[in-house]
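One structure below.
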Amino acid sequence: MENKLVSVVIPVYNGEKYINAALDSVLNQTYKNLEVILINDCSTDDTAQVLNKYTDPRIKILKNDVNLGISRTLNKGVSFANGHYIARMDSDDICMPTRIQQQVDFMEQNPDIEVCGTFIETFGIDNRISSYPVTSKEIKINLMFGCSMAHPTIMFKRTIVENYTYCEDSKVEDYKLWVELAKKGVNFHNIPLPLLKYRIHPNSLSHIKIDNEKKNNLVRDFVLTIKDANKSIIGYELSDKEIEILFLNPDMLSKDILETEILLLVFENYYSVCEEMLDKEELEICKSALSLKLYEKCIMLSLREYFSIKDFRNASFNIYKNSLKKNLVISYLYTKTRMKNLIQSRK
């Protein structure tokens, strides 16, 4: 198989603590025909000094004159890439030794695949395997519910990033790009192996407390992208109320729309639209994704005392009738109620 050049693009901002491990994991890949493009986005720590200690000729270090943020920095890095394939990587994560080899092999053997990701193994504060939809059809249907690829694991064909770039005005730049590519008929795949270790630490974006304006902007861009995905895939214009009930976290919901009847009705109506617009295989994928959303929502709402065993047992939502997940939810709510009653009886 031809040994094609792979460009690994790594944006870095204040990464002195973890960049050594990240960079070493790339340089020590079993696949050797690499160029590693590091873009220092105006770090204020000793990132520059750490990077300058490396002498591997495959490394190219760029420095932004002003802090550009993740989207603009990624677009800059990609514009300097020379590889047939372009791989993503974050400055605090770790590649498994065969990550690049396995992605290149898969894409060479499946030339119709233009964007390839993998599962991830989180470590640090949280330790688990995170899985994603695997086939292109599964990935595209799941875009109706949220981002269905792990951004730091992605490998693109160069032809993709020559025609499409990250949206520099969106706070969900990766999710938005997948939706745009799906609309253009691009094919995706996630290799069902955890080929990247995703570090969770106190400074990770997901663990940083952001101010209300940034949070509102993030939610706004997520909602816009969800709407765009649903309109392009099933031709459905979701209302803001439907978005809140179907997709947003319970702590983002207003209490007046948490009634059980409304929750279940919105899920049923949404499924009815999907049933009309999707083929049989797509609908089965949609069922699984929608079931998971309802399952998560019921668990989270029950923790806030908005959902009871009786509510869920009597739910008419057809995906959940006689399902394993429904029985698990009922068991959970029953145990929770029993424990609550036991505690109260001891007072």
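Work out the P(r) tail for the stretch 65-200: percent of alpha carbon pairs separated by more than 28 Å, whole number.
Values: 1023 of 9180 pairs.
Beyond 28 Å sits 11 percent of the P(r) for the stretch 65-200.
Assuming R0 = 41 Å, what is the FRET efficiency of Asp240 and Ser79, from their Cβ-Cβ distance, to the nearest 0.05?
Numbers: r = 37 Å, r/R0 = 0.90.
FRET efficiency, Asp240 to Ser79: 0.65.
As I understand it, the dipole of the stretch 1-67 uses +1 on the Cβ of Lys and Arg and -1 on the Cβ of Asp and Glu, about the Cα centre. Which of Val6, Val26, Asn52 lies farthest toward its positive end?
Among Val6, Val26, Asn52, the one farthest towards the positive end of the dipole of the stretch 1-67 is Val6.
Could you go through the stretch 103-108 in sequence order and give the Karplus-derived ³J(HN,Hα) for each residue, using 6.51 cos²θ - 1.76 cosθ + 1.60 with θ = phi - 60°, rounded to whole Hz, and x for Gly and Pro?
5, 4, 4, 5, 6, 5
Looking only at Cα atoms, what is the convex hull volume of the stretch 1-119 per residue, in Å³?
Cα convex hull per residue, to the nearest whole number: 103 Å³.
Please compute the modelled spin-label separation between Phe123 and Asn110, points set 7 Å along Cα→Cβ, answer in nm with one decimal.
It is 2.6 nm.
Which aspartates and glutamates have a Cα less than 18 Å from the Cα of Lys171, not counting those fewer than 8 places away in the same chain?
Answer for Lys171, where 18 Å is the Cα cut-off: Asp41, Asp90, Glu180, Asp211, Glu213, Asp221, Asp228, listed by chain and number.
Charges at C-beta only: +1 for Lys and Arg, -1 for Asp and Glu. How large is the resulting dipole of the stretch 122-162 about its Cα centre, in Debye rounded to 20?
Result for the stretch 122-162 is approximately 140 debye, rounded to the nearest 20.
So for the pair Lys17, Glu275, with labels modelled 7 Å out along Cα→Cβ, what separation do we get in nm?
Once both label points are built, they end up 5.1 nm from each other.
Can you tell me the alpha carbon radius of gyration of the stretch 127-206 divided by the globular rule-of-thumb value 2.2 N^0.38 Å?
With N residues counted in the stretch 127-206, Rg over 2.2 N^0.38 Å equals 1.14.
If I compute solvent accessible area with a 1.4 Å probe over the protein chains, what percent of it on the stretch 76-155 is carbon and sulfur?
Solvent-exposed carbon and sulfur of the stretch 76-155 make up 52 percent of the total.
At Val66 and Glu268, where each label point lies 7 Å from the Cα along Cα→Cβ, what is the point-to-point distance in nanometres?
In this crude spin-label approximation the distance works out to 5.5 nm.
So if R0 is 25 Å, what FRET efficiency would Gln49 and Asp24 give, r being the distance between their Cβ atoms, rounded to the nearest 0.05?
Details: r = 16 Å, r/R0 = 0.66.
For R0 = 25 Å, the calculated efficiency reads 0.95.
By per-residue mean of other Cβ atoms within 10 Å, what is the highest-first order of 81-87, 34-40, 289-295?
Packing order, densest peptide first, comes out as 34-40, 81-87, 289-295.
List the equivalent ellipsoid semi-axes of the stretch 44-108 in whole Å, largest first, each obtained as the square root of 5λ for an eigenvalue λ of the Cα gyration tensor. Display every interim value, and only then the final one.
Numbers: eigenvalues 113, 51, 30 Å².
So the three semi-axes of the stretch 44-108 are 24, 16, 12 Å.
Taking N as the number of residues in the stretch 81-142, what is its alpha-carbon radius of gyration divided by 2.2 N^0.38 Å?
Output field value: 1.26.
The values are calculated or read from the model by the stated rules, or taken from the named source; none is laboratory data. These numbers come from a predicted model, not from an experiment. As a convention, Cβ positions derive from the backbone with ideal geometry for all residues, glycine included, and neighbour counts pool all protein chains shown. Surface accessibility is based on the protein's heavy atoms, side chains included, excluding ligands, DNA and RNA. Shrake-Rupley method; radii C 1.70, N 1.55, O 1.52, S 1.80 Å.
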